[in-house]
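Reviewing the structure listed below.
Values in this text are rule-based calculations from the coordinates and carry no lab data. Computed from a predicted structure; not experimentally measured. For neighbour counting, all protein chains shown are included, and Cβ atoms are generated from backbone atoms with ideal geometry for every residue, glycine included.
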Amino acid sequence: MIALVAVVVAATLALASPQVVTPPPVSAIVVPTQRSTADSILEARTTEVAKGLRCPICQGLSIQDSPSEISQQMRALVKEQLRTGKSPDDVRAYFVSKYSEWILLAPEAKGFNLVAYLAPALLFLGGLGTIALVVRRWTAAGESAGESAGESAVAQGAVAADAGQSTQPD
Amino acid sequence: MNWRRAALAAAAAAPVIALLAWGMTRDPKEIVSPLPGRNAPEFALGVFAPGEPPLARKVGDTIALASMRGKIVVFNFWASWCLECRVEHKDLSFVAQQNASKSVQFVGVLYNDVPSAGLEWIGKMGGQAYPSVLDQGARTAIDYGLYGVPETFVIDAAGRVAYKHTGPIPAALLQAKIDSLLAAPAVQSPAVQSPASR
């Protein structure tokens with residue numbers, strides 16, 4: 001009887017326990033993980049390059065942000081070139097050779113393009129210098145006005161004192 | 001008025017105004033193509049619209065730039081959804097027929113469109129004198145730095161891009177370009193640019 005109860009309990013426990021899943025072989029886990037890591041790296045590099053390339057039919061949009069067909073085709077080409085081992089610079093150089101430097105959303109910092117990079121900083125420094133100069137002049141003008149006002153007050157006080165003395169009866 | 005101060009302000013503002021004025025003279029939509037003068041990118045594309053005799057090619061045939069060395073190639077990108085392509089269509093067919101006996105090859109490229117729509121459009125437009133090919137994934141279009149249609153490339157006998165035209169190309173202009181290339185002395189073919197160099 002005890003043996004029968006033990007068998008029933010064991011069978012019930014076996015049925016109630018969660019289904020045992022045989023783990024997949026290690027190779028089956030590792031390969032997709034490696035592939036997905038490589039894919040995500042490729043996707044990230046594609047995004048990085050695509051963000052810097054201008055959509056040819058849009059206004060100021062990158063091929064990463066534009067949903068247009070040509071942008072998506074260009075993005076696919078970027079990805080394909082990166083997959084074949086080209087560097088991001090190689091891919092950018094390819095697009096520049098086809099579309100000129102116009103295709104780059106940020107022009108290369110060389111030659112006349114340096115104006116675009118240096119002008120804001122120079123204008124900012126020039127503005128700061130102008131403000132500093134103006135403030136200095138204002139301050140100097142205020143101080144000299146204060147000094148002259150103080151001097152005149154002193155002078156007026158002296159005059160008043162003299163007048164007071166002169167009005168005092170001997 | 002402090003004239004010295006006014007002159008200083010004017011001198012500071014002048015370069016900025018000059019830069020802005022120069023910017024106003026430029027068309028922001030105009031992209032200067034680096035291709036003219038360089039080797040034309042290679043292509044090998046399948047015919048989907050045969051064209052008409054004597055310039056007809058069989059559907060499914062491959063037209064490759066490399067096989068047209070020694071000929072002037074007029075390479076025109078078009079689409080059935082492109083309104084301006086209607087403007088130039090008759091001119092292109094007319095010039096193609098006018099030069100059929102010369103060493104000139106016209107090739108149309110369907111850009112981001114489906115062949116059935118392209119064929120229907122050709123039918124509605126009263127035919128196309130020369131064959132048109134399909135450009136899957138717009139790879140050739142990107143290789144040619146295309147940013148819209150219509151765009152026409154005239155490639156010389158040595159395989160170099162001699163001229164690029166954006167927008168509808170007038171018959172007289174196209175004929176003048178072809179004539180100037182036909183009149184030019186033969187030049188040595190430059191090294192063929194490999195498609196693998198993309």
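Shown here are the Rg and Dmax of the Cα trace of the stretch A:39-106, at 10.8, 31 Å.
I need the calculated FRET efficiency for the pair B:A10 and A:W138, taking r as the beta carbon distance and R₀ as 30 Å, to the nearest 0.05.
0.80
Bridging of B:K124 to aspartates and glutamates at a Cα separation below 18 Å is possible for B:E52, B:E84, B:E88, B:D91, B:D113, once same-chain residues fewer than 8 apart are set aside. Average 1/r across all pairs of distinct alpha carbons in the stretch B:44-197, invert it, and you get the Kirkwood radius: 15.5 Å. The distance from the alpha carbon centre of the stretch B:53-125 to that of the stretch A:98-118 is 36 Å, rounded to a whole number. Normalising the average separation of contacting C-alpha pairs (under 8 angstrom, six or more residues apart) by the number of residues puts the relative contact order of the stretch A:51-101 at 21 percent. Structure remark: mean-square fluctuation, Gaussian network model of chain B, C-alpha springs under 10 Å; the largest value among B:S80, B:S132, B:S101 belongs to B:S101.
Only Lys, Arg, Asp and Glu carry charge here, each on its Cβ (+1 for the first two, -1 for the last two); on that basis the stretch B:1-144 has a dipole of about 520 debye about its Cα centre. Suppose we keep just the DSSP beta bridges with both residues in the stretch B:19-168; what percent of those would be antiparallel, to 5? Taking every DSSP beta bridge with both residues in the stretch B:19-168, the antiparallel ones total about 60 percent.
Using C-alpha pairs below 8 Å separated by at least 6 residues, the relative contact order for the stretch B:61-110 is 58 percent.
Per-residue mean of foreign Cβ neighbours for B:100-108 is 0 (Cβ atoms of other chains, 10 Å radius). Protection proxy ranking for B:59-66, A:61-68, using the average of other Cβ atoms within 10 Å per residue and placing the highest first: A:61-68, B:59-66.
With Cβ to Cβ distances under 14 Å as the rule, what net charge do the other residues near A:T130 carry (K, R +1; D, E -1)?
Local charge sum for A:T130: +3.
Take B:8-16, B:141-149 and order them by the average number of nearby Cβ atoms within 10 Å per residue, most first; the result is B:141-149, B:8-16.
Take each residue in B:137-150, count the other chain C-beta atoms within 10 Å of its C-beta, and the mean is 5.
FRET efficiency for the B:E84 to A:S40 pair, using the beta carbon distance and R₀ = 56 Å, is estimated at 0.85.
With 29 Å as the limit, the listed pairs A:K86/B:K58; B:K90/B:K164; B:K58/B:K90; A:K51/A:K98 have A:K86/B:K58 beyond it between alpha carbons. Using the average count of surrounding beta-carbon atoms within 10 Å as a protection proxy, the listed peptides A:131-141, B:81-91 rank, highest first, as B:81-91, A:131-141.
Between B:Q98, B:Q128, B:Q175, the residue with the greatest mean-square fluctuation in the GNM of chain B (Cα pairs under 10 Å linked by springs) is B:Q98. On the basis of the beta-carbon distance and an R0 of 35 Å, A:D90 and B:A18 show a calculated FRET efficiency of 0.40.
The ranking of A:R45, A:R83, B:R26 by Cβ neighbour count inside 10 Å, starting from the fewest, reads B:R26, A:R83, A:R45.
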